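Working notes, beginning with the structure itself.
Just so it is clear, none of the values below were taken in a lab; they were calculated from the coordinates. Everything numeric in this text was worked out from a predicted model, so none of it was measured. Note: ideal-geometry Cβ built from the backbone for every residue, glycine included; neighbour counts use all protein chains shown.
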Amino acid sequence: RVKERGRGNFSFYQPQMSAGLLSRMRLEHAMRQALDKGHMSVYFQPQVHIGSGRIVAAEALLRWTDPEFGVVSPAAFIPLAEESGYVVTLGAWVLEQSVQEAARWHAQGMFIKVSVNVSALEFRQPDFVERLTQVLHGSTLPAHWLELELTESILLQDAQEMALRVHRIAELGVGLVIDDFGTGYSNLSYLKKLPISKIKIDQSFVRGLPDDEEDKAIVGAIISMGQALGVEIVAEGVETPEQCAAIEQMQGGYFQGYLCSPALAPLQFRQRLREDADGSPAYTISSEDD
Ligand code: C2E
Ligand code: MG
Ligand code: MG
Ligand code: MG
């Protein structure tokens, strides 16, 4: 980071360094300390089976509250962590926490899957599958209750090596999920070659439902494709009963979104799971009876 200016002249803060860059550096510095200081935690957002109204899975989402910066959105710090390589450390921690927490749900008789985001850099680590195997060995959670969320772009670069990796992970029993489906450039041939268990329709296509004809066409097509390929489809970012009803009409099986719940702290999420087990539906779309 130390820039050389002229002969033997060094300075850390360059006068021309933008405020943006400075705050990025401060943010990155804080991020690297946040784990040890206990400022990060993993929250869980329910995924709901539309037909039964039951919670079937939860996505692990990293949360960071910094004393100086306040709540920092993953949309802001994950890209920073990716650029600096720190996402490998963060991701390993999230995976460990998520598997531990899911093992707790199971110990309490609540059998749902946990779904963990994996960034490209993490997935590309040569020892990624070994570390995943170790985490599973160190836990009572059977592998098939864990899913990993990848984006399409991860599979494109170094396609052969990545395909090999995906197959090894599937052999462990871990589910593979395509996240933000439809937003990346994609060559769909990977869908017939790779053991993908689930596809998450990006929320940008869900937002316009039920009125936007183009969104409806796209979501409908993804759902049909999923049925033909035997892949589960989850609609992301469902906020309204109308959006949910539209997905149900198109035979979409699952959703995740504020209509059911935002991501919750582990204790709150467990409470929510218990309520679900007690028979109250995870969400309601009827407006007539209340
Ligand atoms: P994602 O994996 O696509 O996660 C879904 C995002 O949509 C989450 O944002 C979630 O809070 C948000 N969301 C869920 N339901 C709704 C809804 O009904 N309406 C709206 N407007 N938003 C909804 P979040 O938690 O801010 O995370 C953003 C992204 O950051 C994630 O997108 C994921 O790519 C990344 N991320 C979060 N946690 C991790 C992590 O532990 N590891 C990695 N590698 N990436 C993560
Ligand atoms: Mg995700
Ligand atoms: Mg997504
Ligand atoms: Mg994503």
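Expected output is a single nm value to one decimal: the length gained when fully extending between Q157 and S73, i.e. 0.36 nm times separation in residues minus the C-alpha distance. What is it?
Working: separation 84, 0.36 × 84 = 30.24 nm, distance 2.73 nm.
Gain in length upon complete extension: 27.5 nm.
Using only the alpha-carbon atoms, how far is helix 19-34 inclined from the longest principal axis of the chain? Give it as 0 to 90 degrees, nearest 10.
70 degrees
Which order, highest average first, do 63-70, 193-200 follow once you tally other Cβ atoms within 10 Å for each residue and take the mean per peptide?
Details: 63-70: 13.4, 193-200: 19.2.
Highest to lowest by the protection proxy: 193-200, 63-70.
Long-range amide H contacts for E59: which residues qualify at under 5 Å (H placed 1.01 Å from N, peptide plane, sequence gap of 5 or more or a different chain)?
So E59 has HN proximity to Q45, Q47, S115.
What angle, in degrees between 0 and 90 and rounded to the nearest 10, separates the Cα long axis of helix 266-277 from the longest principal axis of the Cα atoms of the chain?
Roughly 10 degrees between the two axes.
Quote the charge dipole size of segment 227-290 about the Cα centre in Debye, to the nearest 20; the model charges only the Cβ of Lys and Arg (+1) and of Asp and Glu (-1). Walk me through the intermediate numbers first.
Values: 3 positive and 11 negative charges, 75 e Å.
Roughly 360 debye for segment 227-290.
Could you work out how far apart the two model spin labels at Q134 and R26 are, taking each label as a point 7 Å from the Cα in the direction of the beta carbon, and quote it in nm?
3.7 nm
Taking the Cα centre of the chain as origin, work out the dipole magnitude from +1 charges on Lys and Arg Cβ and -1 charges on Asp and Glu Cβ, in debye rounded to 20. Write down the numbers at each step before the final one.
Numbers: 25 positive and 38 negative charges, 271 e Å.
Dipole magnitude for the chain comes out near 1300 debye.
Please give the FRET efficiency for L229 paired with A265, using the beta carbon to beta carbon distance and R0 = 51 Å, rounded to the nearest 0.05.
Values: r = 36 Å, r/R0 = 0.70.
The calculated FRET efficiency here is 0.90.
Taking the 0 to 90 degree range and rounding to the nearest ten, how far is the long axis of helix 87-107 tilted relative to the main principal axis of the chain, both from C-alpha atoms?
Compared with the principal axis, the helix lies near 30 degrees.
Using a cut-off of 15 Å between beta-carbons, work out the net charge of the residues near L176 (Lys and Arg +1, Asp and Glu -1, L176 not included).
Numbers: positive: K113, R165, R168, K192, K193, K198, K200; negative: E59, E122, E147, E149, E152, E171, D179, D180, E232.
In short, -2.
Among L146, V219, L259, pick out the residue whose Cα is farthest towards the positive end of the charge dipole of the chain, where Lys and Arg carry +1 and Asp and Glu carry -1 on C-beta, about the Cα centre.
About the Cα centre, the residue reaching furthest to the positive side is L146.
Taking a cut-off of 22 Å, what percent of all Cα-Cα pairs in the chain are separated by more than that? Provide the component values of the computation, followed by the final result.
Values: 26255 of 41905 pairs.
In whole percent, the share of Cα-Cα pairs in the chain beyond 22 Å is 63.
In Å³ and rounded to a whole number, note down the convex hull volume per residue for the Cα atoms of segment 44-100.
Values: hull volume 6.3 nm³, N = 57.
Output value, Cα hull per residue: 110 Å³.
Residue separation times 0.36 nm, minus the C-alpha to C-alpha distance between A107 and A277: what's the value? Numbers along the way, then the final one.
Working: separation 170, 0.36 × 170 = 61.20 nm, distance 1.40 nm.
That works out to 59.8 nm of additional length.
Rg (Å, one decimal) plus Dmax (Å, integer) for the alpha carbons of segment 64-125?
14.0, 40
Taking the Cβ of R104 as the centre, find all other residues whose Cβ is under 15 Å away and add up their charges (Lys, Arg: +1; Asp, Glu: -1).
Working: positive: K113, R270, R272, R274; negative: E96, E101.
Once all neighbours under 15 Å are counted, the net charge is +2.
Can you list residues from other chains, or at least 5 along the same chain, whose modelled amide H is less than 5 Å from the amide H of I50?
Y254, F255
With equal scatterers on the alpha carbons only and no solvent term, can you work out the Debye log10 of I(q)/I(0) for segment 170-273 at 0.12, 0.13, 0.24 1/Å?
Normalising to I(0) and taking log10 leaves -0.43, -0.50, -1.28.
State, as an integer percentage, the relative contact order of the chain based on alpha-carbon contacts under 8 Å between residues 6 or more apart.
Working: 438 pairs, mean separation 52.3, N = 290.
Relative contact order for the chain comes out at 18 percent.
Suppose every K and R has +1 on its Cβ and every D and E has -1 on its Cβ; what is the size of the dipole of segment 164-258 about the Cα centre, in Debye to the nearest 20? Each step should come with its number before you reach the end.
Numbers: 8 positive and 14 negative charges, 147 e Å.
Approximately 700 debye in magnitude.
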